[in-house]
Structures are given as C-alpha cells and as structure tokens.
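The values are calculated or read from the model by the stated rules, or taken from the named source; none is laboratory data. In this text the structure is predicted, and so the values were computed from the model without any measurement. Here the Cβ positions follow ideal geometry from the backbone for every residue, glycine too, while neighbour counts run over all protein chains shown. For the accessible areas, the whole protein counts, side chains as well, though only heavy atoms, and no ligand, DNA or RNA atoms are used. Shrake-Rupley method; radii C 1.70, N 1.55, O 1.52, S 1.80 Å.
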Amino acid sequence: QVQIVESGGGLVQPGGSLSLSCQASGNIVSIYSMGWYRQVPGKQRELVAEMTVHGDRDFADFVEGRFTISRDNAKNTVYLQMNNLKPGDTAVYYCAADISSIRQASTTTLRYWGQGTQVTVSS
C-alpha cells in the first residue's frame, strides 16, 4: 500500500507566497516522477510542475518562472514553492507520483494521487 500526504496551501493575498509539500510512504521501490497538478470546478486537472528522479523539471506555461519545484529523494518528498501568486492560481492542488511497488512478486508502476489541498489567492 502507498500513501500520499500533502501539506501546505491556504489563503494568501495576490503577490504573496505559499509552499506545498507532499510525501509518499509505504510499499515503494522507487519513484520516477513527482509533481503537482491543479483543478478548478468545471475544468480538467492540469499540470503545474513535475520533477523526475534525475532532476529534470517540467513547468506549465502559466507558471512563468513564479514557482519552484524540488525533491528530497531520500524522504520521498516533493516541494512546490509558489511566489507572486495571482487570483487565477486559485484551485485545488494535487500531488502526483509515479511509484514502483512490489505486487505479487513483481514490480508494478502506478500513478498515485494525493487528496488535494486548497489554494486560494484573494484580497
């Protein structure tokens, strides 16, 4: 069994900063990619930022250099530092991780999701 636990989020004024963190635990052999997606009501979930175990990063165009993603591979944790937040960044943010686990004597890789954390940018 794999658990994904997110923390951070909350209410911030425009131009402010927030930090999100996400830790995976349980039956883990390796984690290739960890990252963050977001979703607003009525829209599809979209990529915010992802980072591979090798350090390769991918950001959505709307990030525009405002967010930083980092990982602590020893702790199976990914961090998202969000600066200069805008009202349009308001959404539920979900952690995603591509995790390899041992299942029935073989290795299986699945994408796991966190429960989501609300980020609200408003004055």
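Below is a table of values for the structure above.
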item: Residue ranges of strands (runs of 3 or more DSSP E) in region 46-123 with at least 1 members polar (S, T, N, Q) and closer than 17 Å to GLY8 by Cα; result: 67-72, 77-82, 117-121
item: GLY116 at positive phi and loosely packed, with under 12 Cβ neighbours inside 10 Å; result: no
item: Per-region count, region 55-74, residues loosely packed, with under 15 Cβ neighbours inside 10 Å and of a type outside the set (Gly, Ala, Ser); result: 8
item: THR77 vs. criteria β-branched (Val, Ile, Thr) and either open to solvent by less than 40 Å² (accessible area, probe 1.4 Å) or in contact with a Ser or Thr (Cβ under 6 Å, 6 or more places away or on another chain) (or both); result: yes
item: Selection status of THR77, without any contact (Cβ under 8 Å) to a residue 60 or more places away in the chain and more than 12 Å from the chain's Cα centre (by Cα); result: no
item: Of residues in region 15-54 being more than 15 Å from the chain's Cα centre (by Cα) and free of Cβ contacts under 8 Å to residues at least 24 places away in the same chain, the one most open to solvent (accessible area, probe 1.4 Å); result: GLN44
item: Enumeration of residues in region 1-14 that are outside any strand (DSSP E or B), under 29 Å from PRO87 (Cβ atoms) and open to solvent by 60 Å² or more (accessible area, probe 1.4 Å); result: GLN13, PRO14
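To keep it simple, each residue is scored yes or no on (1) touching a Ser or Thr at 6+ places or on another chain (Cβ under 7 Å); (2) closer than 14 Å to THR117 by Cβ; (3) modelled with pLDDT of 95 or more.
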{"position": "GLY9", "(1), (2), (3)": "yes, yes, no"}
{"position": "CYS22", "(1), (2), (3)": "yes, yes, yes"}
{"position": "SER33", "(1), (2), (3)": "yes, no, yes"}
{"position": "PHE62", "(1), (2), (3)": "no, no, yes"}
